[in-house]
Amino acid sequence: AQSVTQLGSHVSVSEGALVLLRCNYSSSVPPYLFWYVQYPNQGLQLLLKYTSAATLVKGINGFEAEFKKSETSFHLTKPSAHMSDAAEYFCAVSVPNFGNEKLTFGTGTRLTIIP
Amino acid sequence: GAVVSQHPSRVICKSGTSVKIECRSLDFQATTMFWYRQFPKKSLMLMATSNEGSKATYEQGVEKDKFLINHASLTLSTLTVTSAHPEDSSFYICSAPFSGDTQYFGPGTRLTVL
């Protein structure tokens with residue numbers, strides 16, 4: 001079974017500051033890892049994914065994440081926060097299953113941007 | 001890109017009635033779709049896997065008779081909440097896999113049962 005732990009249910013950063021959202025995973029087999037963003041009353045939008053290629057993954061809106069097997073981590077970063085980044089962020093894990101991969105989500109981190 | 005739609009976006013119903021939520025993959029085919037439930041300020045909980053042409057697979061603790069799932073075609077899955085009660089009020093989200101390893105999510109349906 002897989003699991004995801006997101007450290008910090010709420011993170012606040014100043015506009016222009018570094019964004020760091022933490023995610024640690026547990027998986028008995030090499031995992032697929034994802035970051036999704038959710039704006040209020042909307043579905044989830046894929047930010048980026050790791051599926052066993054390059055360990056540093058670049059996504060949309062200037063976000064990136066690095067897969068570190070030794071630390072079982074997949075932290076999400078953005079060099080400079082923008083007001084539009086305020087949202088809920090979910091880290092998720094799955095394992096390869098021929099297109100039927102089930103996602104296991106973390107509990108989410110609410111990102112607040114301080115003007 | 002892969003687009004998934006849901007209808008309706010919001011529904012309010014009386015206790016005891018049934019509500020049907022549709023999930024459609026607009027520009028790709030999906031033999032499998034997933035249904036999630038999200039409580040306020042909480043994470044997503046996988047309810048079931050919808051399989052085109054066969055029965056859905058439910059997660060442990062999810063009532064099959066309460067949450068009926070039908071995957072009628074390669075682009076449509078429906079979730080029917082039967083005899084809805086206030087505790088069924090929630091945000092329901094579907095997803096479909098595209099390019100093998102990535103789930104694309106619908107915009108969600110807010111169900112309120114009075």
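The values are calculated or read from the model by the stated rules, or taken from the named source; none is laboratory data. What you are looking at is a predicted structure, and each value in this text was computed from that prediction instead of being measured. Heads up, the Cβs are rebuilt from the backbone with ideal geometry, glycines too, and the neighbour counts pull from every protein chain shown. In case anyone asks, the SASA skips ligands and DNA or RNA and just uses the protein heavy atoms, side chains included. Shrake-Rupley method; radii C 1.70, N 1.55, O 1.52, S 1.80 Å.
Across the stretch A:25-68, what is the number of residues that are assigned to a loop (DSSP other than H, G, I, E, B) and open to solvent by 80 Å² or more (accessible area, probe 1.4 Å)? So the answer is 6. Among residues of the stretch A:74-98 being over 18 Å from A:Asn41 (Cα atoms), open to solvent by less than 20 Å² (accessible area, probe 1.4 Å) and more than 10 Å from the chain's Cα centre (by Cα), the one that is nearest to the other protein chains (Cβ to nearest Cβ) is A:Ser94.
Evaluate the stretch B:4-17: report whether one residue or more is of a type outside the set (S, T, N, Q), under 20 Å from A:Leu103 (Cα atoms) and over 11 Å from the mean Cα position of the chain (by Cα). Yes, the stretch B:4-17 contains a residue that is of a type outside the set (S, T, N, Q), under 20 Å from A:Leu103 (Cα atoms) and over 11 Å from the mean Cα position of the chain (by Cα). A count restricted to the stretch B:79-94 and to residues that are more than 14 Å from chain A (Cβ to nearest Cβ) and buried (at least 19 other Cβ atoms within 10 Å of the Cβ) stands at 4. Of the residues B:Ser99, B:Ser15, the single one that is farther than 23 Å from A:Arg110 by Cα, in contact (Cβ under 8 Å) with a residue 12 or more places away in the chain, out of contact with any strand residue (DSSP E or B) (no Cβ under 9 Å at 6 or more places or on another chain) and open to solvent by 10 Å² or more (accessible area, probe 1.4 Å) is B:Ser99.
Restricted to the stretch A:101-115, and to residues there that are open to solvent by less than 60 Å² (accessible area, probe 1.4 Å) and in a loop (DSSP other than H, G, I, E, B), the residue that is farthest from A:Trp35 (Cα to Cα) is A:Glu101. Looking across the stretch B:14-42 at every residue that is aromatic (Phe, Trp, Tyr) and outside any loop (DSSP other than H, G, I, E, B), the one that is farthest from B:Thr109 (Cα to Cα) is identified as B:Phe34.
Here the condition is being open to solvent by 30 Å² or more (accessible area, probe 1.4 Å) and under 25 Å from A:Tyr36 (Cα atoms); of B:Phe39, B:Phe28, B:Phe105, it holds for B:Phe39 alone.
Considered as a group, the residues in the stretch B:95-114 that are more than 14 Å from the chain's Cα centre (by Cα) and away from chain A (no Cβ under 12 Å) include one that is nearest to B:Phe34 (Cα to Cα), and that residue is B:Thr112.
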